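J.: Okay, handing you the structure first.
The values are calculated or read from the model by the stated rules, or taken from the named source; none is laboratory data. The structure displayed is predicted, hence computed values, not measured ones. With ideal geometry, Cβ positions are generated from the backbone for all residues, glycine too; neighbour counts draw on all protein chains shown.
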Amino acid sequence: MQITEIRIRKLPAEGKLKAYVTVTFDNCFVIHNVKIIEGRTGLFIAMPSRKTRTGDYKDVAHPITPEFRNELQSKIIYEYENSHFDESSAPDEDF
């Protein structure tokens, strides 16, 4: 499975949440609401999740292997750090 598109919607500079990402695989499957977050040791991604009845959060989509998670995170962070953004543009409505 190949990552065929990464779309990034950068947020204002305040806060730890830096951007929302949409990732397309093989031009036929998409995952919305991947988050780029600033942590203590740098940027990382958080997969889309929902809150359970107990108050915990569960990922609704996620990589199964650590190798693919690392590949996905590396590509998303690379695109975030090397793309130019229009900070005045609002995130897409589907986020």
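J.: Quick check, is I36 of a type outside the set (D, E) and surrounded by fewer than 11 Cβ atoms within 10 Å (Cβ to Cβ)? Working first, answer last.
T.: On the way: of a type outside the set (D, E): yes; surrounded by fewer than 11 Cβ atoms within 10 Å (Cβ to Cβ): no.
Criteria not met by I36.
J.: Could you list, in sequence order, the residues of region 34-68 that are touching a strand residue (DSSP E or B) at 6+ places or on another chain (Cβ under 6 Å) and on the phi > 0 side of the Ramachandran plot?
T.: none
J.: Report those strands (runs of 3 or more DSSP E) wholly inside region 22-85 carrying at least 2 residues which are touching a residue at least 12 places away in the same chain (Cβ under 8 Å).
T.: Values: elements: 29-39, 42-46, 49-51, 57-59.
Strands (runs of 3 or more DSSP E) meeting the threshold: 29-39, 42-46.
J.: Please specify each residue of region 28-86 satisfying the condition of being among the small types (G, A, S) and farther than 23 Å from M1 by Cβ.
T.: Going residue by residue through region 28-86, those that are among the small types (G, A, S) are 39, 42, 46, 49, 55, 61, 74, 83.
Once the filter is applied, which keeps residues that are among the small types (G, A, S) and farther than 23 Å from M1 by Cβ, region 28-86 yields G39, G42, G55.
J.: Now for a separate question. Among (1) modelled with pLDDT under 95; (2) loosely packed, with under 15 Cβ neighbours inside 10 Å, where does F25 come up short?
T.: F25 satisfies every listed condition except (1).
J.: Looking at the structure I just gave you, is I6 touching a Phe, Trp or Tyr at 6+ places or on another chain (Cβ under 7 Å), at pLDDT 95 or above and part of a strand (DSSP E or B)? Spell out how you get there, then give the answer.
T.: Working: touching a Phe, Trp or Tyr at 6+ places or on another chain (Cβ under 7 Å): no; at pLDDT 95 or above: yes; part of a strand (DSSP E or B): yes.
No.
J.: Quick check on my filter: what residues within region 40-57 are closer than 18 Å to Q73 by Cβ, loosely packed, with under 10 Cβ neighbours inside 10 Å and either of a type outside the set (G, A, S) or under 14 Å from the mean Cα position of the chain (by Cα) (or both)?
T.: R40, T41
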